[in-house]
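J.: This is the structure I want to talk about, given as structure tokens.
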Amino acid sequence: MLNEANENYLIKKSINLMNAGLWEMTFEEGYSKNPGGKVMWTQAFRTLLGFSNELDFPGVLESWLSRIHSDDCDRVLQAFTSHVEDNSGETSFDEQYRMRLKNNQYRWFRTIGETVRNEQGIPLRFIGSLLDIHEQRNREQEREFLLTRFELISRALTEGPWDMEVVAGDPINPKFWWSPQFRNLLGYHDEDDFPNVLNSWINRLHPEDKEMTLNAFFGHLNDYSGNTPYSIDYRLCLKNDEYRWFHAHGFTLRDDQGVPLRVAGTIRDIEHEKQKIKDSEDKLNRYCEIINTLTKKQGLDPNLTFISSEMKELVKSIEKYAKVDAPILITGESGVGKEVVTDLIHNFSDRKEAPFLKINCGAIPEALLESELFGYEEGAFSGAKKGGKIGFFELANNGTVLLDEIGDLPLQLQVKLLRFVQSYDFYKIGGKRLIKVNTRIVAATNRDLECMVQNKQFRSDLFYRLQVLTIHIPALRDRLSDIIPLTNYFLNKFNETYHTNKTLSSEVYNIFTKYLWPGNVRELENLMERLVVTSEMDTITLEYIPQALKKFLNDTKTIGVSRSIMTYKQAKEQFERQYFQQVIEKYGSTRKAAKQIEVDHSTIVKKASKYGIDLLHWQR
């Protein structure tokens, strides 16, 4: 058995190894009778707080208590008092708190302590350690932010000290001491089942880690310069034959020639930390992979406004539907902006800080689509990646998934999707564990799903489950008053992108309002980018308009093709927009225009605002 002096030495060695400061408090008549007993602070303790001697940090308990942060002081004092006054010795003392340094800055520390008691349990002496954990806490907070709010790893790090005396500089036959904490970490209790010999540790090393770990240990030990550190992660086999990850750290005391005399170290269980980091990295890598495949930046530019009453009502519905979690079905022709509407739904929702993932059901082969949505386990099929794969629904937990072109979803996969939409749980391909998630589903299509249901091309039960909430986006030709505002928005956007200052002639604006835009908003956006890039003059005129568009307009005039019959309100709006645009263009200012057509100046301004006419563009 070790005597008290050796025990104190080993404790101090292990604490110093962990960059900690020791403090000791003696009780002559018990803590409750003598709470202000003498305290001994080690130099390392004072140094951690920025002090140098007893004059600026006296040997009294108040020196410590007075520097604890006000939000932590009551808690720490209560924990210390409870620990010391518990004569059974069952109340531990292990606290993390902030302390004010000599320079008045606060840092996080951790204190662990034990109390020596007499046979009646009366406290005689308290020994504690102070460990600076400020940087550790900062790293944990940074990791939580980068990995989209995953749980913090446990802050209660259990250390297992050990000590080795090197006899005559020979590391092969040393005298070992494994602390009770070291043995407990591995599931052992005493020297009988885990003897104080080197092989007790070596024989428990994982076969894949043994060579690397031993090379690191003996490389540190045999480097007489002391420049080779010993800090490594490896797996150890516990008493129950389970392997767990540990982090080991060590320091060697040497003589003047660098010959090792004594080595002290600790191990710390990092299994939970390793697993959390692995899971986080897997999800982060998968998320980055998906983000890189997206073709459109998420979110809606705040400058993009809708003038038509149909779209204003649509945006109100979007904002309303975003606050609930029911599935949404978005319909409309190709290019009307279904993806932009989905962005709005996500950004207006409480899920806006969570992942928002999009997948085109018609662009991925059926064999791969299921694994993309639901993921698969390792070995689920030939060619499956090692470690398996996380699917969209799990990756977007607490967020949103857009199933674009839902009408192209294979019938066989519709069955599995129906179960997910009903219960929000699923099995990975090849998996046996039921995974429960909180993922919102938004589906979009340019096809007539009701007709597909009647033709047995789409499951009716899935259709009714997806259309709890429905949004139909009208074609651009059916909301004429949006054409000019959208044109100006894309003009400004691409002027900024390509560092130009292009404008459109009145003839171009006129031809845009007459065109049917079969490709809807997407066609308008692509055309505006083309015009900004290809036009050589600052004013974009009819000569830059694609021949296909001109031909389309000429053909409609020749064969008498026109838009679908408009309502009186639509026809009135179209006339007013073209009329006021021509008037403002002709007279050059709103006041001159108002005078010539005999209306109030405010009427001109209101109509220009209603129909998105840029007054600055026409002003002369």
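The values are calculated or read from the model by the stated rules, or taken from the named source; none is laboratory data. These numbers were taken from a predicted model, which means no experiment stands behind them. All Cβ positions, glycine included, derive from the backbone under ideal geometry; neighbour counts span all protein chains shown. Remember, those area values only see protein heavy atoms, side chains included, never the ligands or the DNA or RNA. Shrake-Rupley method; radii C 1.70, N 1.55, O 1.52, S 1.80 Å.
J.: Give me the 1.4 Å probe accessible area per residue for the range 205-245, excluding ligands and nucleic acids, in Å².
T.: Numbers: 2310 Å² over 41 residues.
In whole numbers, the range 205-245 has 56 Å² accessible per residue.
J.: Just add up the charged neighbours of Gly89: K/R +1, D/E -1, any other residue whose Cβ is under 10 Å from the Cβ of Gly89.
T.: Computed value for this residue: -2.
J.: Here's another thing I want to ask about it. I need the peptides 438-444, 466-472 ranked by packing, meaning the mean over residues of other C-beta atoms within 10 angstrom, with the highest value on top.
T.: For the peptides 438-444, 466-472, the packing ranking is 438-444, 466-472.
J.: Below 9 angstrom from the Cβ of Cys361, what's the summed charge of the other residues (Lys, Arg +1; Asp, Glu -1)? Provide the component values of the computation, followed by the final result.
T.: Numbers: positive: none; negative: Asp404, Glu405, Asp408.
Here the count lands on -3.
J.: Extending each Cα 7 Å along its Cβ direction at Asn554 and Glu598, get the distance between those two points in nm, one decimal.
T.: Simple spin-label model gives 4.1 nm for this pair.
J.: Still on this model: Given a Förster distance of 60 angstrom, what is the FRET efficiency for Ser309 paired with Tyr106, based on the Cβ-Cβ distance and rounded to 0.05?
T.: 0.55
J.: Just subtract the alpha-carbon distance of Thr503 and Gln578 from 0.36 nm times their residue separation and send over the number in nm, one decimal.
T.: 25.2 nm
J.: Highest first, please rank the peptides 420-431, 347-358 by the mean number of other Cβ atoms sitting within 10 Å of their residues.
T.: 347-358, 420-431
J.: Spin-label point model (7 Å from Cα, Cβ direction): what's the Asp71 to Gln136 distance in nm?
T.: Label at Asp71, label at Gln136, 2.0 nm between them.
J.: Report the gain in length on full extension from Val116 to Glu529: 0.36 nm times residue separation, minus Cα-Cα distance, nm rounded to one decimal.
T.: 140.8 nm
J.: Suppose R0 equals 35 Å; then what is the FRET efficiency for Glu496 and Ser334 from their Cβ-Cβ distance, rounded to the nearest 0.05?
T.: Once the sixth-power term is evaluated, E becomes 0.85.
J.: Say each of Asp223 and Glu353 gets a label point 7 Å from the Cα, pointing the same way as Cα to Cβ; how far apart are those two points in nm?
T.: Roughly 4.3 nm, to one decimal.
J.: Determine the sum of side-chain charges near Glu54: Lys and Arg each +1, Asp and Glu each -1, restricted to other residues whose C-beta is under 13 angstrom from that of Glu54.
T.: Net local charge, Glu54 excluded: +1.
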